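To start, the structure itself, in structure tokens.
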2 protein chains.
Amino acid sequence: MDSKEMEVLQDYITQNNLKITKQRRAVLNVFLECENHVSAEELYKLVSEKEPKIGLATVYRTLALFTQSQLAHELDFGDGQKRYEHQFMHSHHDHMICTECGKILEFTHPLIEKFQEEVAARNGFTITSHKLHLFGICSDCR
Amino acid sequence: MDSKEMEVLQDYITQNNLKITKQRRAVLNVFLECENHVSAEELYKLVSEKEPKIGLATVYRTLALFTQSQLAHELDFGDGQKRYEHQFMHSHHDHMICTECGKILEFTHPLIEKFQEEVAARNGFTITSHKLHLFGICSDCR
DNA sequence: CCTGATTTTGAAAACTCTTTTCAAAATTTC
DNA sequence: GAAATTTTGAAAAGAGTTTTCAAAATCAGG
């Protein structure tokens, strides 16, 4: 009863002559369970609860693997540490970050995307990726 | 023949019981001369050419001072180091970053701003600041 | 199901960028 | 000018992340 994500990971691993290990399975399972945007340290703590012997370096390495295999997406909100969100079967979106409680809301706005393309084209620029972060106060914190 | 920016810095300094030093003047003058988005290290190198005795820590401290006094704006493009741009008398804008040559183009799009407010309001979110970075390839690199 | 080549692991060290510490030097105030 | 306070440069510390290295695990092929 492996998840689709586990299959993606296994495919990536075999296609790149890497090896499936219990650490990688464990980190993936814990990552899939957390619905929020986790940092490496946070994920490490969660993983440690189930598999106390797994080291922090392995979590970092495994997150890099997830990013390469498109299972995870790396986010940088400028607070000094990277965060990771699920990417497999999740469509593109932007983020609103509450600077009070740290909550992260996801959103998309088709017209914003459209105008981004427009302004890029006007400058002869081809967009490969973008990052839109709105910082502010969420409804709960007001 | 002090620049307006130098006056802003001096006002901020006196209003906060800080002290005007030749290091701070020197760093500001060099910062004002560079039109691109500089990192602390880059600015340190430029400053060193004119004032070799100024230390890196002083450049970091002075950039923090510029940020507090609204002379500079801190940017983080997610490449591991912060960059600084002039803020005094410069209006808000977003950035396009060429991942090939590192060139940074500035732009604004009133409708993008408007829709950001709209989507935030729809979620009960009050924006205090935002960050829109488009990564891609500029016209020169294609 | 061994065996051997290769990869992965955990722990610690290294690294990068930034901040802090501390005693000496500079600035401002009276 | 002298005293109180701030700033400085150099080095150490810090935070987050990556790398190193020897031991352990994985996985082909026989």
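Some notes on this structure:
- Annotation: B:Leu132 carries an accessible surface of approximately 0 Å², with a 1.4 Å probe and no ligand, DNA or RNA atoms counted.
- Contour excess over end-to-end distance, with Cα ends at B:Cys34 and B:Thr67 and 0.36 nm allotted per residue: 10.3 nm
- Partnerless Cys - chain B, beta-carbon criterion under 4.7 Å: B:Cys34, B:Cys101, B:Cys141
- Calculated [θ] (222 nm, deg cm²/dmol) that DSSP helices of n ≥ 4 give over the protein assembly as shown, each run adding -39,500 (n - 2.57): -13500 deg cm²/dmol
- Cα-based Kirkwood hydrodynamic radius, the range A:94-141, one decimal, Å: 12.2
- Rel. contact order, % - alpha carbon contacts under 8 angstrom, at least six apart, the range B:48-133: 17
- Scaled radius of gyration (Cα, divided by 2.2 N^0.38 Å) that the range A:18-84 gives: 1.03
- Rounded to 5, the percent of DSSP beta bridges in chain A classed as antiparallel: 75
- Cross-link pairs exceeding 25 Å in C-alpha to C-alpha distance, out of A:Lys45/A:Lys131; B:Lys50/B:Lys131; A:Lys45/B:Lys131; B:Lys45/B:Lys103, comprise A:Lys45/A:Lys131; B:Lys50/B:Lys131; A:Lys45/B:Lys131.
- Kirkwood-based shape ratio for the protein assembly as shown, expressed as Rg/Rh from alpha carbons: 1.02
- Label point of B:Ser3 (7 Å along Cα→beta-carbon): distances to the other copies' equivalent points are 5.2 nm, sorted ascending.
- A compact globular protein would have a Cα radius of gyration near 2.2 N^0.38 Å; the ratio found for the range B:1-121 is 1.19.
- Chain B - charge dipole about Cα centre, Lys and Arg +1 at Cβ, Asp and Glu -1, debye rounded to 20: 460
- Loop sites by DSSP among the GluC sites (Glu not before Pro) of chain A, restricted to those with at most 15 other Cβ atoms within 10 angstrom, leave A:36-99 as the longest stretch without any of them.
- For the range B:1-105, trypsin sites (Lys or Arg not before Pro) are listed when DSSP marks them as loop and at most 13 other Cβ atoms sit within 10 Å of their Cβ; the list is B:Lys19, B:Lys53.
- Nm distances between copies for B:Ala57, ranked from closest, using label points 7 Å along Cα→Cβ: 3.1
- Residues of type aspartates and glutamates that A:Lys114 reaches as a straight line, Cα spacing below 19 Å, ignoring anything fewer than 8 places off in the same chain: A:Asp94, A:Glu106, B:Asp94, B:Glu106, B:Glu113, B:Glu117, B:Glu118
- Compared with the alpha-carbon gap, the fully stretched path from A:Asp2 to A:His90 is longer by 29.8 nm at 0.36 nm per residue.
The values are calculated or read from the model by the stated rules, or taken from the named source; none is laboratory data. The structure displayed is predicted, hence computed values, not measured ones. In this analysis, Cβ positions are derived from the backbone assuming ideal geometry, glycine residues included, and neighbour counts consider all displayed protein chains. In case anyone asks, the SASA skips ligands and DNA or RNA and just uses the protein heavy atoms, side chains included. Shrake-Rupley method; radii C 1.70, N 1.55, O 1.52, S 1.80 Å.
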